[in-house]
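To start, the structure itself, in structure tokens.
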Amino acid sequence: MKLIEPTIAYDRQIQAYRREFLEAGGSMDGCGSLRRFERTQDWLDQVEAFKNIETTPIDRVPASQYIFVREDDEKIVGVIQIRHRFNEYLEKYAGHIGYSVAPSERRRGYATQMLALALPKCRELGIDRVLVSCIRGNEGSRRTILRNGGVYESTVHEPERDIWLERYWIDLSGRD
């Protein structure tokens, strides 16, 4: 497994990942706006723009985007996004990291591996305490966060989507 920045070389795999979510009707957490983009290059242009504060839209925050690729068949099994800082919404609800695993690849430990590989990247960005949230009742995501050192803080109601989110903090200060 490898966690890498997406490139046009993965066009076919990115579109297959997107199609799988659209067909399954699932939410694509941690994918930025992939759901909206029919062309991979348009999504990659947005990913590139979000890397730097100078090119990030004023209502958003800089972010790093990664794909989690199974090396034997080059299939994208997950996508994860690290937000470099908070805006009001992220601080209250979403946190530093959003991620998703392809519906056909769930329950295989990929989310746990992907989050574990993303945490050192958070450290490189100067983030020593990482906030990760999950929808209440999403046991897979909750276990993923706990396996990576998440400590429950609170549950909050997000009114726009009318969902309850559990908030967890992962302390990176003592990790190598």
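The values are calculated or read from the model by the stated rules, or taken from the named source; none is laboratory data. Bear in mind the structure is a predicted one, so any value in this text is a computation, not a measurement. Quick reminder, even Gly has a Cβ in these numbers, built from the backbone with ideal geometry, and neighbours come from all protein chains shown.
Considering only residues in segment 105-161 that are of a type in the set (Ser, Thr, Tyr) and farther than 17 Å from residue 79 by Cα, the one that is surrounded by the fewest Cβ atoms within 10 Å (Cβ to Cβ) turns out to be 154. What about residue 132, is it in contact with a helix residue (DSSP H, G or I) (Cβ under 7 Å, 6 or more places away or on another chain) and at pLDDT 95 or above? For residue 132, the condition - in contact with a helix residue (DSSP H, G or I) (Cβ under 7 Å, 6 or more places away or on another chain) and at pLDDT 95 or above - is met. On the given criteria, is residue 161 over 14 Å from residue 95 (Cβ atoms), of a type in the set (Lys, Arg), in a loop (DSSP other than H, G, I, E, B) and out of contact with any Lys or Arg (no Cβ under 9 Å at 6 or more places or on another chain)? Yes: the conditions hold for residue 161.
On the basis of being of a type in the set (A, V, I, L, M) and either modelled with pLDDT under 95 or within 14 Å of the chain's Cα centre (by Cα) (or both), does residue 119 make the cut? It is true that residue 119 is of a type in the set (A, V, I, L, M) and either modelled with pLDDT under 95 or within 14 Å of the chain's Cα centre (by Cα) (or both).
A quick yes/no check of all residues on (1) β-branched (Val, Ile, Thr); (2) part of a loop (DSSP other than H, G, I, E, B); (3) more than 23 Å from residue 161 (Cβ to Cβ):
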site: 57; (1), (2), (3): no, yes, no
site: 60; (1), (2), (3): no, yes, no
site: 65; (1), (2), (3): no, no, no
site: 69; (1), (2), (3): yes, no, yes
site: 76; (1), (2), (3): yes, no, yes
site: 89; (1), (2), (3): no, no, no
site: 108; (1), (2), (3): no, yes, yes
site: 115; (1), (2), (3): no, no, no
site: 123; (1), (2), (3): no, no, yes
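Scanning segment 9-39 for residues that are more than 27 Å from residue 112 (Cβ to Cβ) and touching a helix residue (DSSP H, G or I) at 6+ places or on another chain (Cβ under 6 Å), which turns out surrounded by the fewest Cβ atoms within 10 Å (Cβ to Cβ)? My answer is 11.
Of the residues making up segment 2-36, those that are part of a helix (DSSP H, G or I), aliphatic (A, V, I, L, M) and farther than 19 Å from residue 49 by Cβ are 9, 16, 22, 24. In segment 56-84, the qualifying residues are those that are at pLDDT 95 or above and of a type in the set (D, E, K, R), and the one that is farthest from residue 17 (Cα to Cα) is 83. Applying the condition of being touching a Gly at 6+ places or on another chain (Cβ under 8 Å) and of a type in the set (Val, Ile, Thr) to segment 61-104 and asking which residue is surrounded by the fewest Cβ atoms within 10 Å (Cβ to Cβ) yields 67. Note on segment 41-81: residues that are in contact (Cβ under 8 Å) with a residue 40 or more places away in the chain and polar (S, T, N, Q) total 3.
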